[in-house]
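Here's the structure, in C-alpha cells; my notes come after.
The values are calculated or read from the model by the stated rules, or taken from the named source; none is laboratory data. Small disclaimer: the values here were computed from a predicted structure and weren't measured. Here Cβ is always computed from backbone atoms with ideal geometry, including for glycine, and neighbour counts include all displayed protein chains. Ligands, DNA and RNA are stripped out before the accessible areas are found, and what is left, the full protein with its side chains, is counted by its heavy atoms. Shrake-Rupley method; radii C 1.70, N 1.55, O 1.52, S 1.80 Å.
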Amino acid sequence: MQVSRLFEMLYILLENKRVPAGELARRLGVSVRTVYRDAQALCEAGVPLYAERGRDGGFAILPTYKLNKSVLSEGERREILSSLEAMAQAGAARESTLRKLRAFFGTPPEEWVRIDFSDWSGRRDALLSTLREAILSRRMLEFDYYAESGACTHRLVCPLQLVFKGCAWYLAAYCTTRHAGRTFKLTRIKRAAIAAGDFSPEAESALPAPFPPSCPPEMYPFVLRVDGCMGYRVWDDFEEEEITPLEDGDYLIRAAFPPGAWTVSLILSYGEHAHVLEPDTLREELVIKLKKMLALYKT
C-alpha cells in the first residue's frame, strides 16, 4: 500500500465535501476495491472517515477534522518527504502528491536521490513499466520465463514486489501454476503483459523470501594477479580487503568463491590480463575451458 496514495486520498477528501468511490478510484488511478481498502487503512489510522450510500453518496470526513502538521516534528516531516521523493523517482509516487505535501509542510524540494530502473540499452523500459503497473494496481501478469536450464515456460502470476539483490533485479510473485511464492530474475522474463483475472486470495500472504537464509556454499580460496589496466574491474568485482596493489601497478587478489562455471567465467572475462597463481585445480579448469574454446576456431 502506498503511503503517498493515502496522503493524496486524504488531501482530496479534505478539499471536497463528499467524493464517490468511483471518482476517487479514477483520480488515484486504482480500482474501487483498492479505494475501499485504503479507506479502511485511513480509519485505522484515526481519520474520522465515513461512507454515505445512495446516488449522492460517497466518502467524506467529519468537518471538524483537520490534518495538523504540528503532530509531526521537523525531522519526521523531512523523513516523509525524502521517502516520497525516492518513491517518486522510482515511479511509485506522484509528483503532485509531493508538491502538495511540500506546500503543506512548508518544505522546499530536496532531490537527494535519483533512481532509474532501466538498463543502459533502454530495452527493459517497457518491462519495468508493465511490472510497476501490475504490482501497484494488483493485476495479474503473464510472461515467458527462461529457467537456469534454458527451458522456457509460460507463467501466470500475482506480482507482489520488485527486489534488488547483488547486481540484479528480481520479481517476487505468487505463481498460479506452482501455487506458491516464486522469485523471477528480470533478465529472463520475456513478453510480459497484464493478464485478465483477479489476484488469488492466497497471493497477499504468499510473498516469498526471495533469498532465504541457507547454508552458505563451500568456498575455495584462490590467488589471482591482475594487470593494472583492469583496475576499474578489480574494484567492482572484489572487496577492498581482498585487493593488494603491487609496486608495478598490478593487483594481487586473494579471494574465495564457490567452485563452478561462475568463477571460471569471471576470471576468463579478464582475458589475458588475469593470471591464476593458485590453486592448481582452478588453473587446470581454466586450461580445459580454453582448449575447448580454441578448438571451436580450428576449422
Query - Hey, P201 part of a loop (DSSP other than H, G, I, E, B), crowded, with 16+ Cβ neighbours inside 10 Å and at pLDDT below 95 or not - result: no
Query raised in the report: Quick one: how many residues across the stretch 232-262 are in a loop (DSSP other than H, G, I, E, B) and open to solvent by 40 Å² or more (accessible area, probe 1.4 Å)?
Result: 6
Report task. Quick one: which residue in L252, L282 is under 16 Å from D227 (Cα atoms) and among the hydrophobic types (A, V, I, L, M, F, W, C)? Result -> L252
Query - Residues satisfying the stated conditions in the stretch 234-289, i.e. under 15 Å from M219 (Cα atoms) and aliphatic (A, V, I, L, M) - result: A255, A256, A261, V264, L282
Requested in this report: Give me a count of the residues in the stretch 53-68 that are of a type outside the set (S, T, N, Q), loosely packed, with under 12 Cβ neighbours inside 10 Å and modelled with pLDDT under 80.
Outcome: 6
Query raised in the report: Taking the stretch 33-50 on its own, how many of its residues are of a type outside the set (K, R), open to solvent by 50 Å² or more (accessible area, probe 1.4 Å) and more than 13 Å from M9 (Cβ to Cβ)?
Result: 3
Requested in this report: Kindly indicate the residue of the stretch 211-230 that is surrounded by 10 or more Cβ atoms within 10 Å (Cβ to Cβ) and modelled with pLDDT under 90 and also farthest from R283 (Cα to Cα) among those meeting that condition.
Outcome: F211
Query raised in the report: Quick one: would you say I288 is touching a Leu at 6+ places or on another chain (Cβ under 8 Å) and either within 14 Å of L224 (Cα to Cα) or open to solvent by 50 Å² or more (accessible area, probe 1.4 Å) (or both)?
Result: no
